[in-house]
Amino acid sequence: MEDNGKTREELLEEINTLKARIAEFESWEHKCKASESELKKAQEELEIETWGLAKTNEAIKYLYQELDKKNRELQTLDLLKTEFINTASHELRTPLTIIREAISQVLDGLHGQINPDQKEYLSLCLNDVDRLQHLINDLLDISKLESGKFKLMKERVDIVDLVKNVSASFYSKAANIGLELRESFHQSESWAFVDRDSIKRVFTNIIGNAIKFTDLGSIEISITETPTHIECAVSDTGRGIAGEDLPRLFTKFEQFGELKGSGEEKGTGLGLNISKSIIELHRGEIWAESNLNKGTTINFTLPKYTEKEIRRESLYEELSQALPHKESLTLLVFGVGDFDSFRMIAGEAKTHTFMQQLEKLVRQSIRVDIDTAINNGRVIFVLLPDIRKKKAQEVTETIHRYIEKNLTGEGEWEKVQIFTRLVNYPEDCASAEDMLAKVDSDV
Amino acid sequence: MPKKILVVDDDPTILRLIATRLKANNYNVVTAPDAVYAVKKAHEEKPDLIILDIKMPAGGGMSVIENLKMASNTMLIPIICITAEASPEVKRKAIELGAEDFLAKPFHAEELLARVKKALGEDTPPKEII
């Protein structure tokens, strides 16, 4: 049969093609349905995960709040510690004042005459009131030392001069017992960077002990210097300390051997412990050598302070105070290339003026009240809290450009090259000590 | 003529003890138990010296110093501070506000008397006029 111009075969082929297409579509539809159900499944899983994340988020928020709470509690605790020390001091010292003055007045006859027996017994009281006073003072000092609240006021001190003063106050006491008090200084001056009153107290305590425990012979105080330290030693020819007791020498309330006298004479048993804490706070060491019945030597070292050490110390102070509360801190250094030659050519006065100008320019470029600039005479340090390294690099460049643009003055200054250095916590270092080490040549 | 000393302390026992000691050494003594009374008495009695406990309740002690050093008829009266808490910060603040001297409790009577003499100018020989 012929019609539409198509043969039977052609029509059959079209039908087959159509059939194939239908089969394709059906298969496709089937795949779509499968994908659809997979998608649905995936969507359900996503919902579960989202729910899970939301829960985790909540938990993190809660932990964060707890952390914040604990932090504030710690800060309060810290404040309470300080308050406790101050309040305890007040509460203990007030009754002592009353007791002391009341007894003292009766003893002085202000409230009628007293007989010798009464005088003797009241004097006993007075002695122990004074002993209590020293004990309280020592305990409060230990409390401060151990809680890190003992503030050292460091300055340049001539240890030789300090020792001369302290031993002068012991001359008569030593002479009364028939002891010789000798000094052996290997140089006429010995400069350390220390808290004067604390170190004086250490010497007073150690020399006092030596006199207390020496029946006859001599006490020698010597001071020598090594390249990095000042070594002090107090030797006596006294009773000495037994080998097994020696390790406990610096422990609180340990006192060895019998002592003549009582009350005040006895001491608090805390002196050496306090001395040790003070020496260690100054980053020195203290140790004892002794032989029973031959004598004892107490040795301690104090870090020798040169100009560089003073500069280092003050920068360390700034860094250790700034670091604990920051996630990041950047230390910048701005200085003159080859500072020593510059200073030699320009002279002290001009160098000083130059550094002041440099400092002023740096200060004009930093954030007031947030950033710190330190002029140590050789370089300008800048502390940028809470700034990441990359941003700090940009800031450095900005400041550097500003300096170069605005540095004016004497002819030689205009040719001066300003170098910069950058150390970032935590990317370049892990601690204040670390940071300091990286800029050591600039300090 | 015996000098007049105003003693200020919130503890009545201490007030009494210091007063007794000073009287036994021929000083006239006026006492005050708190900051308000202290300022009032200072203006009324015009003492030659004030001994002041600076750790009185409600920051009283420091306010007395401030107050008296600002008023023209009391600003020249020397003030000796006494306190059980002799921290460097407290000492420095007191001196900054104008106190002449500072004594820690518990003190020995001899020390108190020596400081009193010094503040009243009794321990130095009269200056020579050339």
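Points worth noting:
- When you count the other C-beta atoms within 10 angstrom of each residue and take the mean per peptide, A:182-190, A:355-363 line up highest first as A:355-363, A:182-190.
- Annotation: amide H-H contacts under 5 Å for residue A:229 (H modelled 1.01 Å from N, sequence separation of 5 or more, or interchain): A:304.
- Relative packing of peptides B:88-99, B:60-71 - highest average C-beta neighbours within 10 Å first: B:60-71, B:88-99
- Selected from B:36, A:133, A:118, residue furthest toward positive end of dipole (the protein assembly as shown; charges at beta carbon): A:118
- With 19 Å as the limit on Cα-Cα distance, the pairs of A:252/B:105; B:55/B:91; A:326/A:390; B:23/B:69; B:41/B:69 that go past it are A:252/B:105; B:23/B:69.
- Summary of packing: across the peptides A:376-388, A:97-109, A:7-19, the per-residue average of other C-beta atoms within 10 Å ranks them, highest first, as A:376-388, A:97-109, A:7-19.
- Radius ratio Rg over Rh of the stretch A:5-54, counting only Cα atoms, Kirkwood formula for Rh: 1.52
- Cβ-Cβ FRET estimate between residue B:87 and residue A:415, R0 fixed at 45 Å, reported to 0.05: 0.30
- Cα-based convex hull, the stretch A:322-438, per residue volume (Å³, whole number): 98 Å³
- Normalised convex hull volume, the stretch A:154-303, alpha-carbon set, Å³ per residue: 106 Å³
- Of all DSSP-defined beta bridges confined to the protein assembly as shown, some 65% are antiparallel rather than parallel.
- Spherically averaged projected area of chain A from its Cα convex hull (nm²): 46.6 nm²
- Positive-end residue of A:268, A:206, A:170, charge dipole of the stretch A:154-303 with Cβ unit charges: A:268
- Number of partner chain Cβ atoms within 10 Å, mean per residue of A:99-107: 4
- Between residue A:438 and residue A:24, the modelled labels are 6.6 nm apart [label points 7 Å from Cα along Cα→Cβ].
- Share of pairwise Cα separations in the stretch A:180-255, more than 19 Å, in percent: 46 percent
- The ratio of the alpha-carbon radius of gyration of the stretch A:11-150 to the globular-protein estimate 2.2 N^0.38 Å is 3.08.
- Computed over the Cα atoms of the stretch A:224-352, pair by distinct pair, the Kirkwood hydrodynamic radius stands at 19.1 angstrom.
- Taking other C-beta atoms within 10 Å as the exposure proxy, A:197, A:442, A:236 rank A:197, A:442, A:236 from fewest upward.
- Rounded to the nearest 20 debye, dipole of the stretch A:322-438 from Cβ charges on Lys, Arg, Asp, Glu: 220 debye
- nm² value of the averaged projected area, convex hull over the Cα atoms of the stretch B:4-118: 6.2 nm²
Bear in mind these aren't lab numbers, they're just calculated from the coordinates by the rules spelled out. Computed from a prediction, not measured in an experiment: that's the story for all the values here. No Cβ is skipped: glycine too gets one built from the backbone with ideal geometry, and neighbour counts run over all protein chains shown.
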